[in-house]
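These notes concern the structure reproduced below.
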Amino acid sequence: TFGAKSTLMLSWAGGDSRSVVAGRHDTLIRERARQVRGFGKPLLLRYRWEMDRPNLRATMWSPADYIAMWKHVRAIFAAEGVRNVSWVWCPTIEGFERGEAPAFYPGDDMVDWVCVDVYSGARFVPLGEHLKPFFAWTATHPTKPVMIGEFGVARAWDSDTRAAWIRNGAAVFKANPQVKAV
């Protein structure tokens, strides 16, 4: 069960953006919308997170296709009377570093929370440095609460370095008051 101060976040991978927009999954989407509505409590929906990953290009097709999919799913949820969902848009930090993630943004009218997943992999980067391009982008959307969806550091680094990277997260998040959830 969830406590009074807990909010459930669902991460839903979705499917091929063009098949979703074509309506091939509408029955399933309507069913999920009714289930979410039936949950009866506020929840966060992180729909097709990390859409900017290179390995998803074959199913996302393009930022325009992704945005059309997002809007299609939201329209079905609205038609089903779902009012207890906050929509979380969540690309990767690498997408911000490459400058690709913003093109996938469906728009302030379609997104309730902006989010990022951030991992330090083979190239060790301090968390605060890693987040700089994302925080610069969020500054252009000041009315949106910010969430760090996932974060971590690769096992390639020794345990003391990994622990320090994770511990540093608290300081980074406190220094950036736009971060409302982790």
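Miscellaneous remarks
- Computed Rg/Rh of the stretch 1-68, alpha carbon atoms with Kirkwood Rh: 1.05
- For the chain, the spread of Cα positions along each principal axis, largest first, Å: 49, 40, 31
- Gap separating the Cα centres of the stretch 91-118 and the stretch 123-146, nearest whole Å: 10
- For the listed residue pairs Lys5/Lys71; Lys71/Lys180; Lys41/Lys71; Lys144/Lys180; Lys144/Lys174, the alpha carbons are over 20 angstrom apart in Lys5/Lys71; Lys71/Lys180; Lys41/Lys71.
- Rounded to the nearest 20, the Cβ-based charge dipole of the chain about its Cα centre (Lys and Arg +1, Asp and Glu -1) stands at 500 debye.
- Length released on extending from Ala78 to Ser62, taking residue separation times 0.36 nm less the Cα-Cα span: 3.3 nm
- Where the Cα pairs of the stretch 53-99 fall when distances are cut into 10 Å bins, in %: 21, 45, 26, 7
- Value at 222 nm in deg cm²/dmol, rounded to 500, when DSSP H runs of n ≥ 4 in the chain each add -39,500 (n - 2.57): -12500 deg cm²/dmol
- The C-alpha atoms of the stretch 89-141 occupy a region whose extents along the principal axes are 36, 17, 16 Å, arranged from largest to smallest.
- Computed lengthening from Ala171 to Lys41, 0.36 nm per intervening residue step minus Cα-Cα distance: 43.7 nm
- Sulfur and carbon atoms: percent of accessible area, the chain [1.4 Å]: 55
- Average Cα contact separation per residue, the chain, under 8 Å, 6 or more apart, as relative contact order %: 19
- Rounded accessible area per residue of the stretch 68-182, 1.4 Å, Å²: 47
- Taking a point 7 Å from the Cα of Lys180 along the Cα-to-Cβ direction, the residues of the stretch 101-125 with backbone N closer than 12 Å to it are 112-115.
- Straightening the chain between Lys132 and Arg24 buys 35.0 nm, computed as 0.36 nm per residue apart minus the Cα-Cα spacing.
- Residues of the stretch 28-65 with an amide N closer than 19 Å to a point placed 7 Å from the Cα of Ser6 along the Cα-to-Cβ direction: 36-46.
The values are calculated or read from the model by the stated rules, or taken from the named source; none is laboratory data. The shown structure was predicted, so the numbers you read here are calculated from the model rather than taken from an experiment. As a convention, Cβ positions derive from the backbone with ideal geometry for all residues, glycine included, and neighbour counts pool all protein chains shown. Each accessible area value is taken on the protein alone, full model and side chains, heavy atoms only, with ligands, DNA and RNA left out. Shrake-Rupley method; radii C 1.70, N 1.55, O 1.52, S 1.80 Å.
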